[in-house]
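Written below as structure tokens is the structure these notes are about.
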Amino acid sequence: MSDAPRVAVVIVSFEARETLLAALSSLRARASLPIETVVVDNFSSDGSADAVRAAHPEALVIANAENVGFARACNQGWRASRASHVLFLNPDAELTPGAVDALARLLEDRPEVGAAGPRTRSADGAIQVSTGPDLTPLAERRQRRLVLGVARREVAALAEAERIHARDHEPDWVSGACLFVRRTALEAVCGFDERFFLYEEDADLCRRLRGAGWGVVFTPAAEVRHQLGHSMTKAPRRARLEYHRSHLLYYRKHNGPVAQAALRLLLAVRGLGGWLRGRFSGDAAARADGATLVRLALSP
């Protein structure tokens, strides 16, 4: 039983063959405890599934016949595994040495904790914002200011982000780019809500875990390097639409009617503005995106 997997690593991939292969190689090299690996490919056209089977025959590959979205694919992955802990890892996220071990120790030492997330940095070492408060209009305004400040490399924002991510604490959510979850906690809340196609499924999961009595913890004892925004580069228009759709779903689930109405109004105004800009500039794609956003804002 000593070689039984202690951690199941679930990687959901879409059109990310090279980064996926690199992530798998890095994972095997840097995880000292027994792991099992599950790759769920969301109908990539770049040969990802076959490449993983050839280069990493130890991995279980689930090749979907369509893109079922991130949340549903994550559920496919962890339900096909057997370890007591599950690490959800983006294909563009690279673990540093000892990260898996540190996350596993945290959950084993603290049985009340259901999920944990590591400190996240860019490839150049710059801090990323990977924790935050529950999504509300005011909280999101503050969070957006911090995220944009970090992206612009503003000194004050970088210092604040470093301070936030320098100590163990219990935020409302930790990022799904590298999310370590206890299997019994996943089972208690039935995993991810599959209505989230892309984005905010991590904040929703953490909120439901906390509602079920589990702790959510951030720790700088583990660290990951993440190529932020990789999902957007493959299908940017679809990704933007799914972000707004997920945003509305989160507000319907967790926020009151006033906050929901405010978000709908904001999206409708943005959509109308985009439609008008496309109309007067002759940009058919911008016009179509604006109209789609207006329809989404007005949908039930």
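Can you tell me which residue among VAL68, VAL40, VAL61 is buried (at least 17 other Cβ atoms within 10 Å of the Cβ), within 20 Å of GLN227 (Cα to Cα) and of a type in the set (A, V, I, L, M, F, W, C)? So the residue among VAL68, VAL40, VAL61 that is buried (at least 17 other Cβ atoms within 10 Å of the Cβ), within 20 Å of GLN227 (Cα to Cα) and of a type in the set (A, V, I, L, M, F, W, C) is VAL40. Counting only residues that are part of a helix (DSSP H, G or I) and either surrounded by fewer than 22 Cβ atoms within 10 Å (Cβ to Cβ) or more than 15 Å from the chain's Cα centre (by Cα) (or both), the stretch 179-202 holds 6 of them.
None of ARG82, ARG144 is more than 15 Å from the chain's Cα centre (by Cα), surrounded by fewer than 19 Cβ atoms within 10 Å (Cβ to Cβ) and under 22 Å from ALA4 (Cβ atoms) except ARG82. Please tell me if GLN227 is more than 20 Å from ASP168 (Cα to Cα) and touching a strand residue (DSSP E or B) at 6+ places or on another chain (Cβ under 9 Å). In short, yes. Test LEU27 against the criterion of being in contact (Cβ under 8 Å) with a residue 40 or more places away in the chain and either surrounded by fewer than 19 Cβ atoms within 10 Å (Cβ to Cβ) or under 23 Å from PRO5 (Cβ atoms) (or both), and give yes or no. So LEU27 passes the test. Residue count for the stretch 44-102 under the criterion of being among the aliphatic types (A, V, I, L, M) and farther than 20 Å from ARG28 by Cβ: the result is 5.
Here is a list of conditions, (1) in the same structural domain as ASN42 (by TED's automatic domain parsing); (2) part of a helix (DSSP H, G or I); (3) over 16 Å from LEU179 (Cβ atoms); (4) not aromatic (Phe, Trp, Tyr), and LEU205 meets all of them except one; can you say which number that is? It fails just one condition, (3).
If the condition is being out of contact with any Lys or Arg (no Cβ under 8 Å at 6 or more places or on another chain), assigned to a helix (DSSP H, G or I) and modelled with pLDDT of 95 or more, then the stretch 25-52 contributes ALA49, ASP50, VAL52. Considering the stretch 85-136, the residues that are in a loop (DSSP other than H, G, I, E, B) and among the small types (Gly, Ala, Ser) include one that is surrounded by the most Cβ atoms within 10 Å (Cβ to Cβ), namely SER130. The numbered conditions (1) in contact (Cβ under 8 Å) with a residue 24 or more places away in the chain; (2) closer than 26 Å to HIS254 by Cβ; (3) in contact with a Pro (Cβ under 8 Å, 6 or more places away or on another chain) are all true for GLN143 except (1). Of the residues examined, ARG225 is not one that is crowded, with 20+ Cβ neighbours inside 10 Å and among the basic types (Lys, Arg).
The values are calculated or read from the model by the stated rules, or taken from the named source; none is laboratory data. Source: prediction; values computed, not measured. Cβ coordinates were reconstructed from backbone atoms using ideal geometry, including for glycine residues, and neighbour counts include every protein chain displayed.
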